[in-house]
Every structure is written in C-alpha cells, then in structure tokens.
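Student: Mind having a look at this structure? Questions to follow.
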Amino acid sequence: MASHNDLGKRGEQIAKEYLENLGYRILHVNWKYGRAEVDVIADQDGVVIFIEVKTRTSADYGMPEDFVCIKKERQLEYASSGYIEMTGHQGEIRFDVIAILFENKDIYTLNHIEDAFWPS
C-alpha cells in the first residue's frame with residue numbers, strides 16, 4: 001500500500017479513537033454508497049454525523065481541512081442521502097471534518113470542525 005494510503009488509514013484510526021473518547025458511537029468506517037465513500041459515520045445523541053478525515057504531513061500547500069473541496073462535499077451529501085434512505089433515519093444529520101496534521105511520526109494536531117458545511 002502506498003505511504004499516503006497508510007497515512008490516511010492512520011488518520012482515520014486516530015479520528016475514530018478521538019470520537020469514541022468523546023462518547024460518539026461509531027456506526028461505520030469507510031462506508032461506501034455507489035462511488036462515494038464516507039470515512040466515518042457516527043452517532044451522538046441521535047444525530048448521525050458524516051465525517052471526512054483529512055490527514056497531511058505538511059501544511060506547505062494548506063491545512064488538511066482546506067482539501068475538502070466542493071466535489072467531496074457533494075459526494076458526502078450523495079452518500080448521506082443513500083444512508084438515510086437505507087436506514088430510515090428520521091432525525092438530524094451533520095457533516096464534520098476532522099483534520100490531522102503530523103509534525104513527525106508521533107506528534108500531530110487534530111482539528112475537529114463540527115457543521116463543516118451544509119448540503120446545497
């Protein structure tokens with residue numbers, strides 16, 4: 001597996017553990033709907049949260065959260081619609097971004113952006 005894939009998987013694991021420590025219930029990791037994928041789907045007090053995790057080793061070209069583009073937002077929106085239809089969820093939903101920036105292999109900062117965007 002390419003090193004950037006390893007970094008992404010490590011970031012997703014860190015994000016999952018972070019969310020669990022905050023009391024979120026992890027419903028799915030790497031959930032796919034058609035060609036869209038959601039890194040983490042979690043539940044917090046009945047709110048279903050669709051989470052995109054972005055991990056980088058450098059901020060030279062921007063912070064990790066800067067790489068969640070409109071196309072990715074639309075894919076998450078599409079996947080969330082499929083998830084809601086499949087599960088029959090009737091409550092609130094939210095779209096979050098978790099950005100992880102590594103300083104070295106063991107030191108990182110994590111930025112959890114709740115309500116990072118709203119569907120169009």
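Laboratory data are not the source of any read-out in this text; all were calculated from the coordinates shown. Bear in mind the structure is a predicted one, so any value in this text is a computation, not a measurement. Counting neighbours? That spans all protein chains shown, and the Cβs are built from the backbone with ideal geometry, glycine included.
Student: What tally of residues in the stretch 104-116 results from selecting those that are under 12 Å from the mean Cα position of the chain (by Cα) and part of a loop (DSSP other than H, G, I, E, B)?
Tutor: 3
Student: Next up: Report whether or not residue 71 is without any contact (Cβ under 8 Å) to a residue 12 or more places away in the chain and of a type outside the set (Gly, Ala, Ser). Spell out the reasoning first.
Tutor: Details: without any contact (Cβ under 8 Å) to a residue 12 or more places away in the chain: yes; of a type outside the set (Gly, Ala, Ser): yes.
Judged against the criteria, residue 71 is a match.
Yes/no per residue for (1) of a type in the set (Val, Ile, Thr); (2) in contact with a Ser or Thr (Cβ under 6 Å, 6 or more places away or on another chain); (3) in contact (Cβ under 8 Å) with a residue 60 or more places away in the chain:
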residue: 8; (1), (2), (3): no, yes, no
residue: 35; (1), (2), (3): no, no, no
residue: 39; (1), (2), (3): no, no, no
residue: 65; (1), (2), (3): no, no, no
residue: 80; (1), (2), (3): no, no, no
residue: 92; (1), (2), (3): no, no, no
residue: 110; (1), (2), (3): no, no, yes
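Student: Related question: Give the residues of the stretch 1-46 that are of a type in the set (Ser, Thr, Tyr) and closer than 15 Å to residue 99 by Cα, sorted by residue number.
Tutor: Within the stretch 1-46, the first condition is being of a type in the set (Ser, Thr, Tyr), and the residues that meet it are 3, 18, 24, 33.
Selection gives 18 alone.
Student: Which of the strands (runs of 3 or more DSSP E) found entirely inside the stretch 1-103 contain at least 1 residues meeting this: of a type in the set (Ser, Thr, Tyr) and surrounded by 11 or more Cβ atoms within 10 Å (Cβ to Cβ)? It would help to see each step written out before you state the result.
Tutor: Values: elements: 25-33, 36-44, 47-56, 93-102.
By residue number, 25-33, 47-56.
Student: Sticking with this structure for a sec: Please go through the stretch 69-112 and give me each residue that is in contact with a helix residue (DSSP H, G or I) (Cβ under 9 Å, 6 or more places away or on another chain) and more than 14 Å from residue 40 (Cα to Cα), ordered by number.
Tutor: Correct list: 89, 90, 100, 101, 102, 108, 110, 111.
Student: Please pick out the residue among 20, 52 that is free of Cβ contacts under 8 Å to residues at least 12 places away in the same chain and either acidic (Asp, Glu) or farther than 29 Å from residue 107 by Cα (or both). Spell out how you get there, then give the answer.
Tutor: Working: 52 fails: free of Cβ contacts under 8 Å to residues at least 12 places away in the same chain.
Testing whether each residue is free of Cβ contacts under 8 Å to residues at least 12 places away in the same chain and either acidic (Asp, Glu) or farther than 29 Å from residue 107 by Cα (or both) leaves just 20.
Student: Among the residues of the stretch 79-109, which ones are of a type outside the set (Ser, Thr, Tyr), closer than 29 Å to residue 56 by Cβ and out of contact with any strand residue (DSSP E or B) (no Cβ under 6 Å at 6 or more places or on another chain)?
Tutor: 103, 104, 105, 106, 107
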